[in-house]
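Engineer: I'd like to ask some things about the structure below.
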Amino acid sequence: MPFDFSAAALSVPSPLVAAVSLTAEPVFGPVTNSIVMAVIVCGVITFFVRRAMKNPKLVPDGRQNVVEFVAEFLYSQVEAIVGKKVAPRAFPLLATIFVFVLVNNYFGLLPGVGSIGWMEDHGAHAGHGAHAVAAEHASAEPGVTAESEAESAAGGHGEGHMIPWFRPGSADLNFTLALALVFMIVWIWLTVREVGIWGFIVHTFGPKGGLQGFIKYALLPIFIFVGLIEIVSIIFRPVSLSLRLFGNIFAGETLLHAMGGLMGDLGFGAVPQFFGKILLPLPFYFLELLVGVLQATVFTLLCAVYIQLSTAHDEEHGDHGDHSHDDAAPGHAHAH
Amino acid sequence: MGDIAKVFHVDWPTLIAQVVILLVVFAVLNKFAFGPVTRLLLERRQRIEEAEANFAQSKEKLANASAEAGKVLEGANAQAARLIKEAQDAAAATAEKKRQEAIAEAAAIIAKGREAAAIERDQVFATLKRDFGRLVVETTGKVTGKALTSEDQARINQEAVTQISR
């Protein structure tokens with residue numbers, strides 16, 4: 001088995017790394033702390049945007065300027081990748097994803113997010129997914145107790161488990177998977193709308209490079225095989241998109257928590273612990289500021305590239321090969 | 001995949017909730033931010049394009065007007081040059097005419113003067129001849145001591161006048 005996705009392989013044994021739970025936790029009923037955070041971010045975005053665009057003017061000022069700057073910048077970037085024709089339809093979702101992910105990432109860095117909550121006994125947390133899987137795994141391995149395994153997976157320290165009120169949305173796989181799934185639905189819609197189902201099949205499985213005659217048919221099996229690989233990669237896009245974003249943000253959260261608790265874990269006294277909590281995570285906050293915008297950019301950029309790859313009209317380039325990438329280069333106008 | 005979902009606690013209710021939140025954010029941003037801003041941007045872009053087109057048109061009109069003005073100016077210059085030349089010619093002609101008139105007048109005055117002088121001279125000359133003839137006759141009569149006839153007087157008078165006329 002080349003990949004081990006079992007709970008034991010995915011759980012994190014070090015107590016430092018396990019300071020942050022791998023999953024979002026319910027704070028009231030089925031509502032998890034990442035949902036709470038996402039709702040707050042949604043509210044903040046709505047509030048800001050409503051205030052900024054209450055009376056839109058042709059010559060913008062203040063908040064409207066900010067909104068217009070962001071929108072204009074994003075539109076130009078999206079247009080440069082997907083082309084002028086698809087840009088108006090692809091832009092709203094891509095820009096929403098970028099803004100939502102960025103604000104979520106940065107809200108995860110606010111004081112109190114991931115650090116204010118309540119302590120819960122192990123028993124009360126037993127229904128948690130990670131615990132359940134850990135328990136299953138522990139029963140299969142002698143010497144590993146379900147309690148210790150679950151504790152490492154869920155982030156306990158032995159005296160109970162702290163459940164934060166707020167958790168960055170991007171540090172919950174449900175959030176990133178929701179983004180990826182919604183994007184994939186829009187991607188399918190855009191692709192079918194632009195090239196049609198048959199066009200997509202030809203684009204994926206058809207010969208590329210403007211081959212003609214015997215060689216075209218001779219290489220057809222290879223292109224069909226490549227198309228199958230392409231289909232597999234398309235199926236795995238939501239997984240790769242969501243896991244990449246989740247992994248980076250969760251790693252950042254874990255890093256900040258680990259650095260904050262490092263002095264205590266190393267057995268220093270109260271005063272070094274206090275200063276350690278302030279000073280040690282500080283450099284990593286700057287790193288996380290960078291990672292926040294970088295991951296939002298990467299997610300959005302990949303989505304835009306996926307749209308461009310599937311909506312480029314190869315046939316309009318004649319027999320000059322697959323120049324679909326060139327078609328989206330900045331300054332290139334689509335001649336659809 | 002099932003293991004991943006369990007480990008990361010991916011479940012339908014949470015996933016659907018996140019999708020709903022994303023759709024709400026999408027709706028809000030699309031309605032209040034990206035929609036209006038995109039419309040504004042496109043409107044602004046269109047205005048800029050129109051302004052650029054107008055600018056190009058105005059530039060062309062300006063160039064045409066400049067060319068037209070140049071032509072008009074050139075025509076005006078030519079006309080002015082022609083008028084100046086005509087004026088100069090007219091002035092020269094007038095001056096020449098006046099000069100000729102002056103010359104003619106002067107010639108007439110001179111001629112008149114000459115004529116008057118000639119008449120006066122003739123008159124003086126006639127008087128002189130008469131007086132001279134008379135003196136010659138008187139002198140001849142005294143010298144000769146005889147009374148001269150009318151014929152003698154006429155002959156002597158004639159000879160004296162002839163001698164004077166030489």
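Engineer: Determine if region B:28-48 includes at least one residue that is part of a helix (DSSP H, G or I), among the hydrophobic types (A, V, I, L, M, F, W, C) and over 30 Å from residue A:184 (Cβ atoms).
Structural biologist: Checking region B:28-48: at least one residue is part of a helix (DSSP H, G or I), among the hydrophobic types (A, V, I, L, M, F, W, C) and over 30 Å from residue A:184 (Cβ atoms).
Engineer: Further, regarding this structure: On the basis of being within 8 Å of chain B (Cβ to nearest Cβ), at pLDDT below 85 and surrounded by fewer than 21 Cβ atoms within 10 Å (Cβ to Cβ), does residue A:13 make the cut?
Structural biologist: No.
Engineer: Could you look through region B:40-59, keep only residues that are among the charged types (D, E, K, R) and under 29 Å from residue A:78 (Cβ atoms), and pick out the one that is farthest from the other protein chains (Cβ to nearest Cβ)?
Structural biologist: Applying the filter and picking the extreme gives B:52.
Engineer: Does region A:165-184 contain at least one residue that is of a type in the set (A, V, I, L, M), away from chain B (no Cβ under 14 Å) and in contact with a Gly (Cβ under 8 Å, 6 or more places away or on another chain)?
Structural biologist: Among the residues of region A:165-184, not one is of a type in the set (A, V, I, L, M), away from chain B (no Cβ under 14 Å) and in contact with a Gly (Cβ under 8 Å, 6 or more places away or on another chain), which makes the answer no.
Engineer: What number of residues within region A:83-108 are in a loop (DSSP other than H, G, I, E, B), more than 13 Å from chain B (Cβ to nearest Cβ) and not aliphatic (A, V, I, L, M)?
Structural biologist: The total comes to 3.
Engineer: Moving on to the next point. Considering only region A:220-313, give the helices (runs of 4 or more DSSP H) lying wholly within it that have at least 3 residues that are of a type in the set (S, T, N, Q) and surrounded by 14 or more Cβ atoms within 10 Å (Cβ to Cβ).
Structural biologist: Because the criterion is at least 3 residues that are of a type in the set (S, T, N, Q) and surrounded by 14 or more Cβ atoms within 10 Å (Cβ to Cβ), the helices (runs of 4 or more DSSP H) in region A:220-313 that meet it are A:220-260, A:282-311.
Engineer: For residue A:45, are the conditions met, namely being at pLDDT 90 or above and within 11 Å of another protein chain (Cβ to nearest Cβ)?
Structural biologist: In short, yes.
Engineer: Given the residues B:28, B:37, B:10, which is the only one that is facing chain A (nearest Cβ under 8 Å) and within 19 Å of residue A:60 (Cα to Cα)?
Structural biologist: Step by step, each of B:28, B:37, B:10 is checked, and only B:37 is facing chain A (nearest Cβ under 8 Å) and within 19 Å of residue A:60 (Cα to Cα).
Engineer: Out of B:148, B:135, report the one residue that is free of Cβ contacts under 8 Å to residues at least 40 places away in the same chain and not in a loop (DSSP other than H, G, I, E, B).
Structural biologist: After ruling out the rest, the residue left standing is B:135.
Engineer: Consider region A:16-42. How many of its residues are over 23 Å from the mean Cα position of the chain (by Cα) and modelled with pLDDT under 75?
Structural biologist: 1
The values are calculated or read from the model by the stated rules, or taken from the named source; none is laboratory data. Just so we're clear, the structure is a prediction, and the values are computed from it rather than from any experiment. A quick note on method: Cβ atoms are made from the backbone with ideal geometry, for glycine too, and the neighbour counts reach across all protein chains shown.
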